[in-house]
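The values are calculated or read from the model by the stated rules, or taken from the named source; none is laboratory data. Predicted model, so just to flag it, every value in this text is computed and none were measured. Backbone-built Cβ (ideal geometry, glycine too); neighbour counts: all protein chains shown.
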Amino acid sequence: MATNDPLVGNPIVDYSNWMGDMYSNIPYKLISMAGAHDAGMYESQHSTNLGSYGDGQNVLTQSKTFKQMLQAGIRYFDVRPGYYIHQDGTKTFRTGHFHTSNKGTSASCTMGATGANLDDILDDVLDFVSKTRKEIVILKFSHYFQYTNINGGVDNAIEDDGYHNSVFNPFKTELVSYVNSYFSSNNQEWRLKYNNDKITAHYNSLTDAQKAAWRIWDCTLDELSDGHSRVVLLFDNISNLSTNDRDYSFKDMVPDSSDNPTYVLDGSNGRPLPIADFILYDCYSNQDTYGEIYPDQLSKYSTTNYHKGDMFLLSWTATQGAYDQFANGGAWPFHGDSIEDLATALNSQLLTSISSFPIVVNGGNLTQTPKVANIIYTDYCDQFVADAANYVNDQVKGYLNL
């Protein structure tokens, strides 16, 4: 059994097919799902000097593989891919978790590490969608990096910060091709198609006014999946993508949540919504305690304009302070908190807090702005996050009389 928390009621035992089994007739825009922050960092491989502090506890954000997270009900994955360049010049696609502080330099990432091999991640996702029925898995690719091993050294890492286009433009072209090849081969197609028969029928049933405002995410899970599990490939900061090729461009309504979290492209004050296939509000608290994070996220959630995109991400993540980063792994009284320490304390409050985020679905009228915690985003994801998301889904289902 997933949890005995009374908030959840009757928790799901088998999370492999929770979307298709329970919520297939809910518009995807109104669905809530569990999301994994920095999902590839369930292992640490090659670290910068600071990233290795505390036995890697400054960089690890998850403890489960993608296979395990998918089985636990997680459906949104923050994937941060890059090239690890070996001493012999060969390249390996890996995930990573890096902090950028020296933009425009040859070593712009001062702390971080590479994580899981991208092949292992894609293998897990492909295996999952091929064995389930109507699940939709989102892979959001962003925060691209390159880590070079020079004479066995560390701290030779750069991130796609706008100053290294000669490196990252070809990298992103290779990444899109590589990822697509995984999910479309041997006469099998697992990527989400933009215009399958059910989606086309849905669109044709709309009035002209409704068509003008229509987004593919207005379709139900059943319409999007079309009888099979699907992968949605979202690519941030990559031009020339085509939904005809089943690639979806991604934009965040908060372009710089670290340094300018109040600058939101929400359609007001001369700040138009971003232009992309998938528009997300995602703004973390940049704090480390429940007492700071909960009111911050509740305030953001309560702001109607922040739901003007396709989905709203509830960032249930804690951020290490400088002391934690440098003192992590030290002995008492000089011990700093690891990411796992902070996540454990914060995650223990999720199930009792989620009911205070008010749900607004307007009777299913998607021309009016709904309020749903579409992605509940945590470090150290497990079934409890899927339980919280499905508490929201049960409320939505009730409001829609489904």
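Inspect all residues belonging to the stretch 240-251 and state whether any of them is crowded, with 18+ Cβ neighbours inside 10 Å, among the hydrophobic types (A, V, I, L, M, F, W, C) and closer than 21 Å to LYS172 by Cβ. There is at least one residue in the stretch 240-251 that is crowded, with 18+ Cβ neighbours inside 10 Å, among the hydrophobic types (A, V, I, L, M, F, W, C) and closer than 21 Å to LYS172 by Cβ. Among the candidates PHE98, PHE141, PHE145, the residue that is at pLDDT 95 or above and under 20 Å from VAL79 (Cα atoms) is uniquely PHE141. Looking only at the stretch 374-388, residues that are within 13 Å of the chain's Cα centre (by Cα) and more than 23 Å from VAL59 (Cβ to Cβ) come to 1 in all. Can you name the residue in the stretch 22-66 that is aliphatic (A, V, I, L, M) and assigned to a loop (DSSP other than H, G, I, E, B) and is also modelled with the lowest pLDDT among such residues? It comes out as VAL59. Scanning the stretch 268-277 for residues that are more than 14 Å from PHE312 (Cβ to Cβ) and assigned to a loop (DSSP other than H, G, I, E, B) yields ASN269, GLY270, PRO272, PRO274, ILE275, ALA276, ASP277.
Taking the stretch 140-255 and the helices (runs of 4 or more DSSP H) fully enclosed by it, the elements with 1 or more residues that are of a type outside the set (Gly, Ala, Ser), within 24 Å of MET41 (Cα to Cα) and without any contact (Cβ under 8 Å) to a residue 40 or more places away in the chain are at 165-183.
Determine, yes or no, whether ALA327 is surrounded by fewer than 21 Cβ atoms within 10 Å (Cβ to Cβ), at pLDDT 95 or above, closer than 25 Å to SER44 by Cβ and aliphatic (A, V, I, L, M). Walk me through how you get there before you give the answer.
Values: surrounded by fewer than 21 Cβ atoms within 10 Å (Cβ to Cβ): yes; at pLDDT 95 or above: no; closer than 25 Å to SER44 by Cβ: yes; aliphatic (A, V, I, L, M): yes.
No.
Within the stretch 126-141, the set of residues being of a type outside the set (Ser, Thr, Tyr) and under 15 Å from TYR15 (Cβ atoms) comprises PHE128, VAL129, LYS131, ARG133, LYS134, GLU135, ILE136, VAL137.
Residues checked against (1) assigned to a loop (DSSP other than H, G, I, E, B); (2) modelled with pLDDT under 95; (3) closer than 23 Å to PHE278 by Cβ; (4) touching a Cys at 6+ places or on another chain (Cβ under 6 Å):
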| position | (1), (2), (3), (4) |
| --- | --- |
| SER353 | no, no, no, no |
| PRO358 | yes, no, no, no |
| THR367 | yes, yes, yes, no |
| ALA373 | yes, no, yes, no |
| ALA388 | no, no, yes, no |
| ASN393 | no, no, yes, no |
| LYS397 | no, no, no, no |
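The number of residues in the stretch 263-300 that are surrounded by fewer than 20 Cβ atoms within 10 Å (Cβ to Cβ) and within 14 Å of SER356 (Cβ to Cβ) comes to 6. Considering only residues that are under 23 Å from the mean Cα position of the chain (by Cα), surrounded by 18 or more Cβ atoms within 10 Å (Cβ to Cβ) and farther than 16 Å from LEU241 by Cα, which ones fall in the stretch 162-210? Result: TYR182, PHE183, TRP190.
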